[in-house]
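Have a look at the structure below, then the notes.
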Amino acid sequence: MSKSKIRRRLKDQKGFTLMELMVVVLILGILAAYGIPRYLSAVATSKMGSVIANYDAVVTETAAALYGPGSTSTSVETTVITNGNSELTNPFSGNAVVGNAATPTAGQIKVDGTTSGQVTVTAYDDNAAAMSSYNKTILDPK
């Protein structure tokens, strides 16, 4: 074939062949199969990081409030829940992060001041299970 015939043939071609389209779809499928699980894993990891940061903030605020003048474990519980919910957000639901519900939700920080002289702060993971590493009891020094 001469160069002019090849040029004319390429000039007459319009669009892509079915094989070219199938190769593109295959490549996109492979990229999606690899990328989507990694993306979802990264999102879950960042949400748990947010829960831990919220927990640290609540523990610090609880200790500061408990060591303050005229505070009791019950008043500290109320103060921390009010302040925490105005400043922090639950990464899983977007709702209030601090509470004292009997059945906490995923990502919630539970503050319990019902035992006299102490406040317990517990973080809950994405399955609403208590995180054993993030459970702290702060004793009232008074």
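A few points about this structure:
- Which numbered condition Ala64 fails, given (1) under 15 Å from Val119 (Cβ atoms); (2) touching a Ser or Thr at 6+ places or on another chain (Cβ under 9 Å): (2)
- Leading residue by the ranking (surrounded by the most Cβ atoms within 10 Å (Cβ to Cβ)) among those in the stretch 124-142 that are within 18 Å of the chain's Cα centre (by Cα) and assigned to a loop (DSSP other than H, G, I, E, B): Asp125
- Boolean, Val24 is more than 12 Å from the chain's Cα centre (by Cα), among the hydrophobic types (A, V, I, L, M, F, W, C) and more than 22 Å from Ala130 (Cα to Cα): yes
- Long-range neighbours under 8 Å by Cβ, at least six apart or interchain, first residue closer than 14 Å to Thr79 by Cα and without any contact (Cβ under 8 Å) to a residue 40 or more places away in the chain within the stretch 44-64, second surrounded by 17 or more Cβ atoms within 10 Å (Cβ to Cβ) and among the β-branched types (Val, Ile, Thr): Glu61/Val80
- Members of the stretch 95-106 that are touching a strand residue (DSSP E or B) at 6+ places or on another chain (Cβ under 9 Å) and loosely packed, with under 12 Cβ neighbours inside 10 Å: Ala101
- For the stretch 1-94, the helices (runs of 4 or more DSSP H) that sit wholly inside it and include 3 or more residues that are loosely packed, with under 10 Cβ neighbours inside 10 Å are 3-12, 18-66.
- Val119 being at pLDDT 85 or above, within 17 Å of Lys136 (Cα to Cα) and either assigned to a strand (DSSP E or B) or touching a helix residue (DSSP H, G or I) at 6+ places or on another chain (Cβ under 6 Å) (or both): yes
- None of Val76, Val98, Val80 is in contact with a Leu (Cβ under 6 Å, 6 or more places away or on another chain) and at pLDDT below 90 except Val76.
The values are calculated or read from the model by the stated rules, or taken from the named source; none is laboratory data. Keep in mind that this is a model prediction, so the values were computed, not measured. Heads up, the Cβs are rebuilt from the backbone with ideal geometry, glycines too, and the neighbour counts pull from every protein chain shown.
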